[in-house]
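Below is one structure; the comments refer to it alone.
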Amino acid sequence: MGKLSWSALSLAVFVAACAPVYDGAGERMRDPKPVPESKRPVIKEPPVAGTPYVEKCDVDFRRSSIGVRRNPPVATTHVNAGDTKVAEASKAPKPEAKVDLVVEGIRDYVRALEADPYDAQATLQLARAYDEVLRKGCALALLRRLDELALHPKLGIVARSQARRVKDNQDWFHDYRKEALAAISRSTP
């Protein structure tokens with residue numbers, strides 16, 4: 001009898017395990033009642049953190065121009081080299097490589113301004129490169145320098161055209177566009 005009861009019990013468990021969980025048709029689903037607008041929970045989205053720009057600039061861009069003999073061809077060569085490196089940075093696969101290329105471009109623009117402190121194109125391109133590496137303070141200082149260059153009697157034409165480029169390109173300095181336009185306000189009508 002001990003063998004028979006164990007086998008009967010195991011057969012009963014086996015049959016119960018193979019039986020369907022639900023018998024017959026399921027209960028009909030009904031549409032939920034709409035919740036009034038006033039009773040809906042309010043989901044607050046976390047505030048979007050702004051770009052962490054460096055607001056301060058320790059570089060005095062006017063001091064480097066005192067007593068320097070202008071060499072525009074050398075400055076143009078450095079500006080072109082900087083433009084090439086910054087353009088390569090946009091195609092860099094890794095963020096570290098992009099930053100390294102932009103920093104090399106910044107060095108070329110600084111060399112251009114050392115060769116010709118009054119080069120408006122080098123001034124604007126350096127401001128844009130500083131914007132790429134989140135140095136807002138230096139970018140705005142360079143835009144103010146560009147505005148000062150635009151007031152120069154001999155160099156003003158080129159500087160004003162560079163300032164107009166800032167005004168015409170809406171995606172430049174986009175996070176602080178109003179401040180950038182204020183920095184060049186005297187040179188652009």
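The values are calculated or read from the model by the stated rules, or taken from the named source; none is laboratory data. Since the structure is predicted, the reported quantities are computational estimates derived from the model, not experimental observations. For neighbour counting, all protein chains shown are included, and Cβ atoms are generated from backbone atoms with ideal geometry for every residue, glycine included.
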Which numbered condition trips up K98, out of (1) surrounded by 15 or more Cβ atoms within 10 Å (Cβ to Cβ); (2) within 24 Å of N71 (Cβ to Cβ)?
(2)
Scan the stretch 115-133 and give yes if some residue there is under 24 Å from E179 (Cα atoms) and in contact with a Cys (Cβ under 7 Å, 6 or more places away or on another chain), otherwise no.
yes
Taking the condition of being in contact with an Asp or Glu (Cβ under 8 Å, 6 or more places away or on another chain) and not hydrophobic (A, V, I, L, M, F, W, C), how many residues in the stretch 167-188 meet it?
3
Count, please, the residues in the stretch 112-128 that happen to be surrounded by fewer than 24 Cβ atoms within 10 Å (Cβ to Cβ) and hydroxyl-bearing (S, T, Y).
1
Scope the stretch 81-91; condition surrounded by 14 or more Cβ atoms within 10 Å (Cβ to Cβ) and either within 12 Å of L126 (Cα to Cα) or over 15 Å from the mean Cα position of the chain (by Cα) (or both); matching residues:
A81, G82, D83, T84, K85, V86, E88
What are the residues in the stretch 129-140 that are crowded, with 21+ Cβ neighbours inside 10 Å and within 23 Å of T76 (Cβ to Cβ), if any?
A129, Y130, D131, C138, A139
Exactly one condition in (1) over 21 Å from the mean Cα position of the chain (by Cα); (2) assigned to a helix (DSSP H, G or I); (3) not charged (D, E, K, R) is not met by Y118; state its number.
(2)
Among the residues of the stretch 109-128, is there at least one that is at pLDDT below 90, farther than 18 Å from Q162 by Cα, acidic (D, E) and in contact with a helix residue (DSSP H, G or I) (Cβ under 8 Å, 6 or more places away or on another chain)?
yes
